[in-house]
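The values are calculated or read from the model by the stated rules, or taken from the named source; none is laboratory data. Bear in mind the structure is a predicted one, so any value in this text is a computation, not a measurement. Ligands, DNA and RNA are stripped out before the accessible areas are found, and what is left, the full protein with its side chains, is counted by its heavy atoms. Shrake-Rupley method; radii C 1.70, N 1.55, O 1.52, S 1.80 Å.
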Amino acid sequence: NEEEARRLAEAAVSGFIVADLALDRAGIGALLRDVEGRIMLLRRHGAHFAARLLDSHADSRLDRNFLTIGTGEGTFGRVTLDLGEKAQVWASSLRHLER
């Protein structure tokens, strides 16, 4: 849920104050933006969640309500989030990141 996503993000990166977020419909991950404009990807990793700050949109792809995001980090892998109507808005946000 949103509260858990906020808590996980703030625990992963000190000073990350969530301003906006989008949850995957199946609960496998979330995208969060903080008050400084940084974007974090949360994804399920076994029984836990892993978090990464995104610094590029080079490895992202939009397909209707689905946004596939990779960090370029092999161990983190790629994740496809079903963000519903928010997918296009978040894809646009990612385009503002460095390539």
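Here are some notes:
- In the chain, the portion of solvent-accessible area held by carbon and sulfur atoms comes to 46 percent [1.4 Å probe, whole percent, DNA, RNA and ligands not counted].
- Of the options [x] 13.2; [y] 15.0; [z] 16.1, only one is Kirkwood radius over Cα pairs in Å as computed from these coordinates, and that is [x].
- The mean sequence distance of close C-alpha pairs (under 8 Å, at least 6 residues apart), as a share of the length of the chain, puts its relative contact order at 21 percent.
- Taking all protein chains into account, the per residue accessible area for the chain stands at 59 Å² (1.4 Å probe).
- Note on exposure: 85, 10 ranked by accessible area (1.4 Å probe, complete protein assembly) read 85, 10, with the most exposed listed first.
- Integer Hz, Karplus 6.51/-1.76/1.60 couplings in order for region 34-46, x for Gly and Pro: 9, 5, 8, x, 6, 10, 10, 9, 10, 9, 5, 9, x
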